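For reference, the structure is listed below as structure tokens.
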Amino acid sequence: MTSFKYYRKNDIEKKLEKARFRPLDVMVTGVTGAGKSTTLNTIFKKNVATVGNGVDPETMDLDSYSLNDVFRLWDTPGLGDGVANDEIHKRKLVDLLYKTYSLDGNIYGWIDSAIVVLEGLNRDMGSTYTLLNEVIVPNIQADRILVVINQADMAMKGRHWNKETNRPDEVLVDFLEKQALSIQNRVKETTGVTIRKPVYYSAEYGYNIEKLLDFIIDNMIVERRPLVRA
Ligand SMILES: Nc1nc2c(ncn2[C@@H]2O[C@H](COP(=O)(O)OP(=O)(O)OP(=O)(O)O)[C@@H](O)[C@H]2O)c(=O)[nH]1
Ligand SMILES: [Mg+2]
């Protein structure tokens, strides 16, 4: 099993040198049960974050995990956890987006980019759009928002997923490709924001994790993040 600890570490390092900050801080968001914590565990190849049973919300607080000295990931609570809890979670997410540091008399956002994790089956697109519309889009620049699709294995309810190779067959790949395009379009319609075509992966089965990391690394903004003005 390959380790992701040093995955393209030199590339990240080079970009950070140019941007003159370090490490890269990526916030992982998404509805409850989408698989944020599982995604972190798969990248870290160990259980850093507690995974839920898929029914009850699990992560309640913000936690950061350093993969190495250049890349840090932030696990967050998922929306879709009831109205009252969602308000508390939203506040925590917004607070994290306004966590700052100052340098040379300027103030910058601590978080460099935000990932929105969707599940392959798309059970709760409503909460995903609430998350995008109320929390993410107003508080971080559009080119720092990455939407990704987890649970690729479940996109067709488990059909067309090859359990021996832990990969989708052609039918499922075709389905996932279309789904990625349709999500890109729907995000544009619902939020007005043009996002990059989402990558799809399976945290549970370790499928396309390199693609996920490439997506983050290749789309890194090599500049410190100015705060969004209200
Ligand atoms: N089939 C499948 N199940 C997954 C995948 N990723 C996560 N799961 C399952 O989905 C459930 C929820 O996963 P979590 O990682 O706890 O989800 P979360 O987004 O962190 O949820 P909250 O902490 O409640 O916001 C668990 O039962 C995981 O095992 C995946 O790629 N495929
Ligand atoms: Mg979690």
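The values are calculated or read from the model by the stated rules, or taken from the named source; none is laboratory data. Quick caveat: nothing in here was measured; it's all calculated off a predicted structure. Please note: Cβ atoms are built from the backbone with ideal geometry, for glycine as well, and neighbour counts cover all protein chains shown.
Sub-7 Å Cβ pairs linking a first residue in the range 50-64 that is closer than 17 Å to His89 by Cβ and in contact (Cβ under 8 Å) with a residue 12 or more places away in the chain to a second residue that is of a type in the set (A, V, I, L, M) and near ligand 1 (Cβ under 6 Å from one of its atoms), at least 6 apart or interchain, are Glu58/Val51, ordered by first then second residue.
State whether one or more residues within the range 98-113 are in contact with a Leu (Cβ under 8 Å, 6 or more places away or on another chain) and within 15 Å of ligand 2 (Cβ to nearest atom).
No, the range 98-113 has no match at all.
Kindly indicate which of Leu103, Leu16, Leu62 is at pLDDT below 95 and over 25 Å from Asn133 (Cα atoms). Explain how you work it out, then say what you get.
Details: Leu16 fails: at pLDDT below 95; Leu62 fails: over 25 Å from Asn133 (Cα atoms).
Exactly one residue qualifies, and that residue is Leu103.
Taken together, the residues in the range 202-230 that are closer than 17 Å to Tyr7 by Cα and not charged (D, E, K, R) amount to 12. Among residues of the range 193-212 that are within 16 Å of Asp153 (Cα to Cα) and modelled with pLDDT of 95 or more, those with a Cβ under 9 angstrom from a residue that is within 16 Å of ligand 2 (Cβ to nearest atom) and among the charged types (D, E, K, R), sequence gap 6+ or separate chain, pair up as Ala203/Lys36.
Within the range 71-124, the set of residues being in a helix (DSSP H, G or I) and in contact with a Lys or Arg (Cβ under 9 Å, 6 or more places away or on another chain) is empty. Kindly establish whether Asp25 is more than 16 Å from ligand 2 (Cβ to nearest atom), of a type outside the set (Phe, Trp, Tyr), under 21 Å from Val147 (Cα atoms) and in contact with a Lys or Arg (Cβ under 6 Å, 6 or more places away or on another chain). When the stated conditions are applied, Asp25 passes them.
Just give me the residues in the range 1-30 being closer than 30 Å to Gly82 by Cα and within 16 Å of ligand 1 (Cβ to nearest atom), in sequence order. Even if it seems obvious, please write down each step before you answer.
Step one: of the range 1-30, the residues closer than 30 Å to Gly82 by Cα are 25-30.
Within the range 1-30, Val26, Met27, Val28, Thr29, Gly30 meet the criteria.
Residue count for the range 50-77 under the criterion of being over 11 Å from Val26 (Cβ atoms), in contact with a strand residue (DSSP E or B) (Cβ under 7 Å, 6 or more places away or on another chain) and of a type outside the set (Ser, Thr, Tyr): the result is 3. Could you tell me whether Asp153 is surrounded by fewer than 16 Cβ atoms within 10 Å (Cβ to Cβ) and charged (D, E, K, R)? So Asp153 does not fit the description; no. Being within 11 Å of ligand 1 (Cβ to nearest atom), surrounded by 15 or more Cβ atoms within 10 Å (Cβ to Cβ) and among the small types (Gly, Ala, Ser) holds for only one residue in Gly33, Gly54, and it is Gly33. Of all the residues in the range 61-93, those that are of a type in the set (A, V, I, L, M) and loosely packed, with under 15 Cβ neighbours inside 10 Å number 3.
Exactly one residue among Thr50, Thr29, Thr39 is in a strand (DSSP E or B), touching a helix residue (DSSP H, G or I) at 6+ places or on another chain (Cβ under 8 Å) and either over 17 Å from Ala203 (Cα atoms) or polar (S, T, N, Q) (or both), and that residue is Thr29.
Taken over the range 121-131, the criterion of being buried (at least 22 other Cβ atoms within 10 Å of the Cβ) and touching a Ser or Thr at 6+ places or on another chain (Cβ under 8 Å) is satisfied by Leu131 alone.
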